[in-house]
Amino acid sequence: MTAALSRRTLMALAATTAAMGCGHPVAARVGPDSFAPMVKRVLPSVVNIAVVETVAQGTDPLSMLPPEIRRQFRDRFLQRRREVHGSGSGFIIDPAGLIVTNTHVIGGADKIVVALHDGAELPAEVVGQDDLTDIALIRVKPAGALPSVTWGDSRNLEAGDWVVAAGNPFGLGGSISAGIVSARGRDLGSGPYDDFIQIDAPINPGNSGGPLFDTDGLVVGINAAIVSPTGSSVGIGFAIPSELAIRIVAELRQKGRIERGWLGVTMQDVRDHGVAIAEVARGGPAGRAGVRPGDVVSAVNGKPVEDARALLRAIAAIAPGQVAQLTLRRQGRDIELPVTVGRRPNSEG
């Protein structure tokens, strides 16, 4: 036997040994020898995003003075502004110049500049953004077609699968890092639609908005957040799954905003699965349809809902004005109740 074995040979031997030990064959899932071919193909579609936001310089220093004196000094003091600069990442989904990023990257920016892989810089405008999912769509106007990437299906990801994160960490420019999926369905408490992919591929400040690729070079997530006591990567990063992002981006592209379905109820989980209706808003969609406090919803349009978050997401995905068929239990009886879904008010988040 040679003194050194190749990595692929060692992986094959490990898989064979495991199969012999458990008494049945096991299919080995071997990672690529190199991500370089895939990276060369997709990295030109990853962009750097620089933003400038003008904000007020502190509090009003004249607030305690009489009105006539404030007027005299208003131009000198109250018009002082300062520019806040930030940076993040994004990726091109349309050769005509449509770019996906995070809402928190562009925020309330007065100016957005996109740096392409070849170094060219283009001004960008906001097509639409959604605070609740932290997804934004911006547009540049290039002289010719831009390289773009293709969405993949995050539902196919499993814990242990290889993924590659790309972006602009610390403003260094196009960079990639590799790791595995650590977990699925993470709730960070940032909003009602949290459903993050947890990864150990290092992402850092500036990576936000960049793509998360599978080994085929398909976008399966949008890098969005990290958990770290230092502010830098400690191997716990989070990406918005493409399953959610595809729908949000499509609606932003079409309408420039997100319209979510709304029932007008207060909900709480019940022990044996389902969602109890605690309160019904007077004049709301559920109230008009006959939903009552104490009803327990178990399914929407035939699909089971096991908790309040699942019910919230199921209704939010239904266009306002469409009918949702609720399966609910009332006083020991299962009934079907059609509800015309309303438009979720902004104040509802």
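No value in this document is a laboratory result; all are computed from the given coordinates. Note that this is a predicted model, so its numbers are computed, not measured. Positions of Cβ are backbone-derived with ideal geometry, glycine not excepted, and every protein chain shown enters the neighbour counts.
Among the trypsin sites (Lys or Arg not before Pro) in region 236-275, those located in a DSSP loop and surrounded by at most 16 other Cβ atoms within 10 Å of their own Cβ are 257, 271. For region 84-175, the set of GluC sites (Glu not before Pro) satisfying both a DSSP loop assignment and a count of at most 12 other C-beta atoms within 10 Å is given as 158.
Couplings 3J(HN,Hα) of region 309-318, computed from phi: 5, 5, 5, 4, 5, 5, 6, 4, 7, 8 Hz, in residue order, whole Hz [Karplus 6.51 cos²θ - 1.76 cosθ + 1.60, θ = phi - 60°; x for Gly and Pro]. Of the GluC sites (Glu not before Pro) found in region 263-349, the ones in coil according to DSSP and having at most 16 other Cβ atoms within 10 Å of their Cβ are 306.
Using the Karplus relation 6.51 cos²θ - 1.76 cosθ + 1.60 with θ = phi - 60°, the per-residue 3J(HN,Hα) values for region 151-160 come to 5, x, 10, 5, 5, 7, 6, 10, 4, x Hz, with x marking Gly and Pro. Each 10 Å bin from zero up to the one holding the largest Cα-Cα distance in region 249-317 carries the following percent of pairs: 21, 47, 23, 9, 0.
Derived scalar couplings between HN and Hα for region 322-335 equal 7, 9, 10, 8, 8, 9, 9, 10, 9, 6, x, 10, 8, 10 Hz in order, rounded to whole Hz, by the Karplus curve 6.51 cos²θ - 1.76 cosθ + 1.60 (θ = phi - 60°), x for Gly and Pro.
Give me the net charge of residue 279's neighbourhood, meaning all other residues with Cβ under 12 Å from the Cβ of residue 279; Lys, Arg count +1, Asp, Glu -1. For residues surrounding residue 279, the net value is +1.
Close amide H partners of residue 267, meaning residues 5 or more places away or on another chain with modelled amide H under 5 Å apart, are 278. Dipole magnitude for region 261-348: computed about the Cα centre from +1 point charges on Lys and Arg Cβ and -1 point charges on Asp and Glu Cβ, it is near 220 debye. Dipole magnitude for region 190-299: computed about the Cα centre from +1 point charges on Lys and Arg Cβ and -1 point charges on Asp and Glu Cβ, it is near 600 debye. Each other residue within a Cβ distance under 14 Å of residue 182 adds +1 if Lys or Arg and -1 if Asp or Glu, for a net charge of -1.
Within straight cross-link reach of residue 141, meaning Cα distance under 28 Å, which lysines are found once same-chain residues fewer than 8 apart are removed? List returned: 40, 111, 255.
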